[in-house]
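Novice: Can you keep this structure in mind? I'll have questions shortly.
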Amino acid sequence: MTSTLIRGGRVIDPANELDDIADVVIRDGNIESVGGSAPADETVDHVIDATGLLVTPGFIDTHVSLREPGFVEDETTATGTAAALAGGFTTIAAMPNTVPVVDNRSGAEFVRLQAERAGNCRVYPLGAITKNHDGLELAEIGQLVEGGAVGFSEGKQPLANSEVMRRALEYVQMFDRPILHFAMVPELSEGGVMHEGFESTRLGLRGIPAAAQDIMTGRDIALAELTGARLHLMCVSTADSVERIRVARARGIRITTDVAPHHLLLTDEVMRSFDTMCKCLPPLRSQEHVDALIAGLQDGTISAITADHQPLAVEKKSVELDIAPFGISGLETALPICIQALIRPGHLSWPQLIACLTTGPASVLSLSGGTLSPGVPADITIIDPDQQWTIDTQSFHSKSSNSPFHGMSVQGRVVKTLVNGDCRFQLSCQPGRAN
């Protein structure tokens, strides 16, 4: 039996509507108590002084690309999960868009085995919806569930065939698993580099219209209503999609969605730099769409924030903008970017932000985490909300450093991450540099 006392921090646990200065006692890897009278320092094995810090449930991400197997030049399970810990994430769901695709039981079990070997954060596999992501024949859904899949996705590849999507929703409903879909009409987005609008016209770059997401969002909502299945739309980025989801949820349709931090802070104006690090999918939109995303977070239409971690090796991004792949390495910058976009302007309170990083994604994947309730595993993130630092992509734990935020001065940083009561990440570096 081992015990840890986290003393004097501001404990924010949205699941229990707690926001107060309190002590947290961990015993044998589980939460023993929050608040009340804490044991004397000499009666516990470890004491963490959290004075002036935030103590929250460990963050959860609904979809993370770990790239292994098939693209280990971008990321591995070991480096990706280390990056997750540095960003405060204690649980992530791994995307199935690897080579081979995670479309059978052995593929799902491989994801879990590699995560166990890495010994960092918790990793749950997402299974493919169709075999080899070909969009035609359903994958072995039942076997994937037996292998540990908590949901099903085609990654950043939309499932355009509506009949296949309908059958997939009907099938996964038997296992009470969600489908995580990237809503984008392929014919409207093909060849696009950035958001279609004033900036794309001015820059002479082919755009991806907001309608590409809006149309597919409408189709997915209709199919979710038809089947009654659970649908999660990944990386919403347009005002119309937010409104469609808002109306659908009010009608009782089982639909959830998430948003990425970079879509909350950056607009398509940054593409004036022609920097490939800013090229992501969906593309960075104009300000009216950013405002709609923030409103969606404020009223609960958007219930989760995802880092949308898409690591890419430096040589893949060091090419012309029109041929560079889409993607941003987001795990290690998610918290400070959310603070910059949401906390500092006063759009969200700390409890609202933490809910989007914990209870929201836990609900999407039906996971028991995201809370500090007594008896649950002690997955905890400790944050210094006032620390000023400069993002340095060269010191990322991730194998890749494709981020548009290199050199940005930010506020707020994860200083410790605990999994099962064990400190898996601790910031021990000079100010302004990652561990």
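Rundown of residues vs (1) touching a Gly at 6+ places or on another chain (Cβ under 6 Å); (2) surrounded by fewer than 18 Cβ atoms within 10 Å (Cβ to Cβ); (3) among the acidic types (Asp, Glu); (4) assigned to a loop (DSSP other than H, G, I, E, B), yes/no style:
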residue: Ala108; (1), (2), (3), (4): yes, no, no, no
residue: Leu113; (1), (2), (3), (4): no, yes, no, no
residue: Gln143; (1), (2), (3), (4): no, yes, no, no
residue: Gly155; (1), (2), (3), (4): no, no, no, yes
residue: Leu159; (1), (2), (3), (4): yes, no, no, yes
residue: Met165; (1), (2), (3), (4): no, no, no, no
residue: Leu169; (1), (2), (3), (4): no, no, no, no
residue: Arg177; (1), (2), (3), (4): yes, no, no, yes
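Novice: In addition: Any idea which of Leu353, Leu342, Leu321, Leu357 is assigned by TED's automatic domain parsing to the domain that holds Val193, at pLDDT 95 or above and touching a Lys or Arg at 6+ places or on another chain (Cβ under 7 Å)?
Specialist: Details: Leu353 fails: touching a Lys or Arg at 6+ places or on another chain (Cβ under 7 Å); Leu342 fails: touching a Lys or Arg at 6+ places or on another chain (Cβ under 7 Å); Leu357 fails: touching a Lys or Arg at 6+ places or on another chain (Cβ under 7 Å).
Among Leu353, Leu342, Leu321, Leu357, only Leu321 is assigned by TED's automatic domain parsing to the domain that holds Val193, at pLDDT 95 or above and touching a Lys or Arg at 6+ places or on another chain (Cβ under 7 Å).
Novice: Does any residue in the stretch 291-302 that is in contact (Cβ under 8 Å) with a residue 12 or more places away in the chain and of a type in the set (Gly, Ala, Ser) come within less than 7 Å, Cβ to Cβ, of a residue that is in a loop (DSSP other than H, G, I, E, B) and buried (at least 16 other Cβ atoms within 10 Å of the Cβ) six or more places away or on a different chain, and which pairs are these?
Specialist: Gly296/Ile302
Novice: Taking only pairs six or more apart or across chains, which ones have beta-carbon atoms under 9 Å, a first residue in the stretch 208-224 that is in contact (Cβ under 8 Å) with a residue 12 or more places away in the chain, and a second residue that is among the basic types (Lys, Arg) and not in a strand (DSSP E or B)?
Specialist: Short answer, once both residue conditions are applied: Ala210/Arg285; Asp214/Arg244; Thr217/Arg244; Gly218/Arg244; Ile221/Arg244; Leu223/Arg166; Ala224/Arg230; Ala224/Arg254.
Novice: I'm trying to understand the selection: among the residues of the stretch 250-270, which are in contact (Cβ under 8 Å) with a residue 60 or more places away in the chain, in a helix (DSSP H, G or I) and surrounded by fewer than 23 Cβ atoms within 10 Å (Cβ to Cβ)?
Specialist: Leu264, Leu265, Glu269, Val270
Novice: Name the residue, out of Gly407, Gly370, Gly300, that is over 17 Å from the mean Cα position of the chain (by Cα) and either in a loop (DSSP other than H, G, I, E, B) or at pLDDT 95 or above (or both).
Specialist: On the way: Gly370 fails: over 17 Å from the mean Cα position of the chain (by Cα); Gly300 fails: over 17 Å from the mean Cα position of the chain (by Cα).
Answer to the selection: Gly407.
Novice: Further, regarding this structure: Looking at the stretch 413-430, can you tell me whether even one residue there is free of Cβ contacts under 8 Å to residues at least 12 places away in the same chain, farther than 22 Å from Pro57 by Cα and not hydrophobic (A, V, I, L, M, F, W, C)?
Specialist: Yes, there is a match, as at least one residue in the stretch 413-430 is free of Cβ contacts under 8 Å to residues at least 12 places away in the same chain, farther than 22 Å from Pro57 by Cα and not hydrophobic (A, V, I, L, M, F, W, C).
Novice: Going through the stretch 386-417 one residue at a time, which ones are buried (at least 16 other Cβ atoms within 10 Å of the Cβ), closer than 16 Å to Arg344 by Cβ and of a type outside the set (A, V, I, L, M, F, W, C)?
Specialist: Scanning the stretch 386-417 gives Gln387, Gly412, Arg413.
Novice: On the given criteria, is His289 modelled with pLDDT of 95 or more, within 22 Å of the chain's Cα centre (by Cα), farther than 24 Å from Leu188 by Cβ and buried (at least 24 other Cβ atoms within 10 Å of the Cβ)? Walk me through it before giving the result.
Specialist: On the way: modelled with pLDDT of 95 or more: yes; within 22 Å of the chain's Cα centre (by Cα): yes; farther than 24 Å from Leu188 by Cβ: no; buried (at least 24 other Cβ atoms within 10 Å of the Cβ): yes.
So His289 does not fit the description; no.
Novice: For residues in the stretch 327-355 being in a helix (DSSP H, G or I) and in contact with an Asp or Glu (Cβ under 9 Å, 6 or more places away or on another chain), which is surrounded by the fewest Cβ atoms within 10 Å (Cβ to Cβ)?
Specialist: The first filter runs over the stretch 327-355 and keeps only residues in a helix (DSSP H, G or I), leaving 334-343, 350-355.
Filter once more, keeping what is in contact with an Asp or Glu (Cβ under 9 Å, 6 or more places away or on another chain): 334, 350-351, 354.
Details: Ala334: 25, Trp350: 18, Pro351: 15, Ile354: 25.
Looking at residues that are in a helix (DSSP H, G or I) and in contact with an Asp or Glu (Cβ under 9 Å, 6 or more places away or on another chain), I get Pro351.
The values are calculated or read from the model by the stated rules, or taken from the named source; none is laboratory data. None of the values given here were measured: they were computed from a predicted structure. Quick reminder, even Gly has a Cβ in these numbers, built from the backbone with ideal geometry, and neighbours come from all protein chains shown.
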